[in-house]
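Data first, discussion second: the structure below is written as structure tokens.
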Amino acid sequence: MNTKFLKVLFVLFVFPMMLLSQTSHGFAFDNYSGIYGVTANPANSVDSKYNIHVNVLSYNQLGTSDFGSLTNFQLEASPNGFNGLDFSNNNEDGMTDGYAFGHYDIMLPSVIWNFHENFAVGLVSRYRSIFDYNNVRGDLLQVLSEDPEQTDDFTFDNQNLNNTAHSFTEVGLNLSAVVVNSNYHFVKFGGTIKYYSGERAIEVREALSGSLNNNDLVINQNTTNPLIHLNTTGNNTSESSQESFLSSAFNFSNAGSGIGGDVGIVYEYRPRETNRVNVRSNSSAVNKYKIKISASVLDVGTITYKEALKDSIIVNSAATVVPSNTINQNNNLIANLIGNDNTTNIPRQGDVKFALPRSLHLNFDYIILNDNNYYINLNYIKSLNTATDLYANTQMDIVTLTPRYETRKFSIYLPVSLASNTGKITAGLGARYGPVTIGAAALSSMFTNNKVSHLYFGLSIPLMKDLYR
């Protein structure tokens, strides 16, 4: 089977499959991902195809929702519980155990340097904002962000409700090394130790039940199981407003701080049919593996916030009413309940540790034809936090299959993903050409208000290793 025929098959069959169906981005395990691959596995920096790879600026957004549409390039300036989504489209009435997840990530100027054939060092800086909703009824959230007169009356009973939002900046020192380099086996190991500067963190949890009755929100009594609201900004009445994500990324606040990091390992099986490097070739500038297997654990650690405000909100009456003229995006539910005559608030203030969004990443990469540039990649992301954990974001559990074609100058890849939290299957398209990468793992979200959203782009300065010494 010749190369030209394979390219025709690739365009005629795989590309239409991506367009017709519709969430990991598929680029982190390209052999030319460089600095971007370090965020998925810190061992990827050594034996890179670059002497030096500099990220100028990159943006990555990944999200999914059972309810509401996800907005590109915006986030809540002051998250205060039950905000962050746009419910004007795609809301499913009656969603009783709704789930939503969003991760916004800007990589600020960063660099990796392969200063030795067996060692690499890097400096990585990022701004990230993460939110998740668990066991939240969709039409309740719609009422809290829109005019209640547009919604029919309904009852709601959100048990084990959880909404956590966290924004922070991180600066990490990456170190990686080759630990095994034999004829058939190659192993590298790496880690990134990070300093985290927390900007803000919010959590709302426990149970919330009631009804919408004649445009007024009626909250049921909860004397034995109060609603918990923790806010590291110490201001429950802060307004919810949208701001540019890019401007927020350069707002270096230091409300909290912490130490953590990532650790990873990569194994390559290099049989004779792929490990063909002649005496003039630079061995680290070409791919020599048949199979590559990698594993990493990311975001281990916590961020400590001083003097965070925790409210335990007890509803004393079964007919506690939040009038319709106070339900809008500028007066959130928490502020309304605290200010209600039929509720008792028990405020506490003290230090709190928010866990980072720990996750396990497993990856399998296989070259389809030994003497060509066609690969198939399987990636699995598993959250190591759960919705029942206090003060912790969960990650989205996701499996992604990515066929790709890669060369030193150009790559194209077609990720097809299954998110186990929602059961949604999406597909997308991404490409790298020299210093520019761009793509979406949920291509339809680029053109519609969809419940799965993904978009990324990056601009870098790639200083590649010479192909021949």
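The values are calculated or read from the model by the stated rules, or taken from the named source; none is laboratory data. These numbers were taken from a predicted model, which means no experiment stands behind them. Positions of Cβ are backbone-derived with ideal geometry, glycine not excepted, and every protein chain shown enters the neighbour counts. Remember, those area values only see protein heavy atoms, side chains included, never the ligands or the DNA or RNA. Shrake-Rupley method; radii C 1.70, N 1.55, O 1.52, S 1.80 Å.
Report, by residue number, each residue of region 166-190 that is closer than 21 Å to residue 302 by Cα, open to solvent by less than 20 Å² (accessible area, probe 1.4 Å) and of a type outside the set (S, T, N, Q).
Passing the criteria: 166, 168, 170, 172, 190.
Here are 448, 407, 422: which of them is open to solvent by 60 Å² or more (accessible area, probe 1.4 Å) and modelled with pLDDT under 95?
Checking each option against the conditions leaves just 448.
With the requirement that a residue be open to solvent by less than 10 Å² (accessible area, probe 1.4 Å) and either among the aromatic types (Phe, Trp, Tyr) or in a loop (DSSP other than H, G, I, E, B) (or both), what does region 343-374 give you?
354, 356, 357, listed by residue number.
Taking region 206-216, which residues are open to solvent by less than 20 Å² (accessible area, probe 1.4 Å) and under 30 Å from the mean Cα position of the chain (by Cα)?
Residues satisfying the conditions are 207, 208.
Would you please list the contacts, defined by Cβ atoms under 7 Å and residues six or more apart or on different chains, that run from a residue in region 176-189 that is closer than 11 Å to residue 43 by Cα to a residue that is at pLDDT 95 or above and among the hydroxyl-bearing types (Ser, Thr, Tyr)?
176/45; 187/267; 188/176; 189/176
For residue 334, only one of the following conditions fails: (1) within 30 Å of residue 196 (Cα to Cα); (2) in a strand (DSSP E or B). What is its number?
(2)
Conditions (1) at pLDDT 95 or above; (2) touching a Pro at 6+ places or on another chain (Cβ under 9 Å); (3) under 30 Å from residue 219 (Cα atoms), marked per residue:
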residue: 107; (1), (2), (3): no, no, no
residue: 131; (1), (2), (3): no, yes, yes
residue: 136; (1), (2), (3): no, no, yes
residue: 141; (1), (2), (3): no, no, yes
residue: 162; (1), (2), (3): no, no, yes
residue: 192; (1), (2), (3): yes, yes, no
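List the residue pairs whose Cβ atoms are under 7 Å apart, where the first residue sits in region 119-143 and is on the phi > 0 side of the Ramachandran plot, the second is open to solvent by less than 20 Å² (accessible area, probe 1.4 Å), and the two are 6 or more positions apart or on different chains.
Matching pairs, first to second residue: 135/158; 135/161; 135/162.
Mind listing just one residue for me: the one in region 225-250 that is assigned to a loop (DSSP other than H, G, I, E, B) and modelled with pLDDT of 85 or more and, of those, least open to solvent (accessible area, probe 1.4 Å)?
232
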